[in-house]
Amino acid sequence: MNDVHTAEPRGSVRLGYVLDPPVTTELREGIAELWADVVNAGGAVGFVPPVTPEDTRPQLRKHLIGMAEGTTRLLVGTAERGRPAATAFFVLNTHRLMRHWVWLQTVMVHPDRQGGGAGRELMAAAASAAAAIDPGITGIRLTCRGGLGLERFYAACGYREVGRVPAAIKLGDGELRDDVTMWLPLG
C-alpha cells in the first residue's frame, strides 16, 4: 500500500490517495456505491442510469479479479471514515511490446466532490501512481465517452486526444456517442 497524493476538494476535508489499498468488504461496498452514485449523477463510467450498487458489482468484480492476478492496480481517494470518494484502476499491459504504458479505467469522483478540483487532483495522483507502479511506464491511455466535455477535462490534465471511433458507444435507441482515446505521456 502506497500513499500517493492528497487533495483539497470543496470544503476542508482532504482526500488521501492510496495505491493498492487492502481490499476489504467496506472498500468493495464503498466502490460499488460510489460507482452507482457517479452513474446516477450522469457520469460516463460504463453504465446508463439508473443503476444500483448491485448493478455495478459484476464490473467491479472484474477489476478485483485483475487485482488478484496482478494485472490491475487500484488508486483510491478516501475522506472521512475511509469511504471511497475517488477511484482509478490501472490495467497493466501483458503484451511484451506494450508494457511501457498502462490503461486507466473507471476514473470516478463522487458527485459531491466534483467541480472543486478533485478530478484534477485524482488525475495528478494517477500520474504519480503510474511512476510508483513502475518507473519505466512512459504513458497512460484512457478512453472516454464523447459528447460530455470529458475530452476537454482530460486535455486540461495534460492528456491529448489520439483517436476517436464515431458512434461506438450505444446508450439507447438512437443515442450513439464517440469512443475517444486520450494519452498522457509521462517523464
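The values are calculated or read from the model by the stated rules, or taken from the named source; none is laboratory data. As the structure is a computational prediction, the values presented were derived from the model and not from experiment. Every residue, glycine as well, gets a Cβ built from its backbone with ideal geometry; the counts of neighbours run over all protein chains shown. Surface areas here come from the heavy atoms of the whole protein model, side chains and all, with no ligands, DNA or RNA. Shrake-Rupley method; radii C 1.70, N 1.55, O 1.52, S 1.80 Å.
Summary of computed values
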| item | result |
| --- | --- |
| Solvent-accessible area per residue, Å², over the chain with all protein chains present [probe radius 1.4 Å] | 51 |
| Positive-pole candidate from 103, 146, 116, dipole of segment 48-187, charges at beta carbon | 103 |
| Karplus-derived HN-Hα couplings along segment 123-137 (A = 6.51, B = -1.76, C = 1.60, θ = phi - 60°), whole Hz, x at Gly and Pro | 5, 5, 5, 5, 4, 5, 5, 4, 5, 5, 5, 6, x, x, 6 |
| Rg and Dmax of the chain, Cα atoms only, in Å | 15.7, 45 |
| Base-10 log of normalised Debye intensity for segment 40-116 (one unit scatterer per alpha-carbon) at q = 0.14, 0.24, 0.27 Å⁻¹ | -0.54, -1.25, -1.37 |
| Sulfur and carbon atoms: percent of accessible area, the chain [1.4 Å] | 51 |
| Space enclosed by the convex hull of the alpha-carbon atoms of segment 81-138, per residue, Å³ | 90 |
| Table column - 3J(HN,Hα) (Hz), segment 163-179, Karplus curve with 6.51, -1.76, 1.60, x for Gly and Pro | x, 8, 10, x, 6, 7, 10, 9, 8, x, 4, x, 10, 10, 10, 6, 9 |
| Projected label distance in nm at residue 138 and residue 48, using a 7 Å step from Cα toward the beta-carbon | 4.0 |
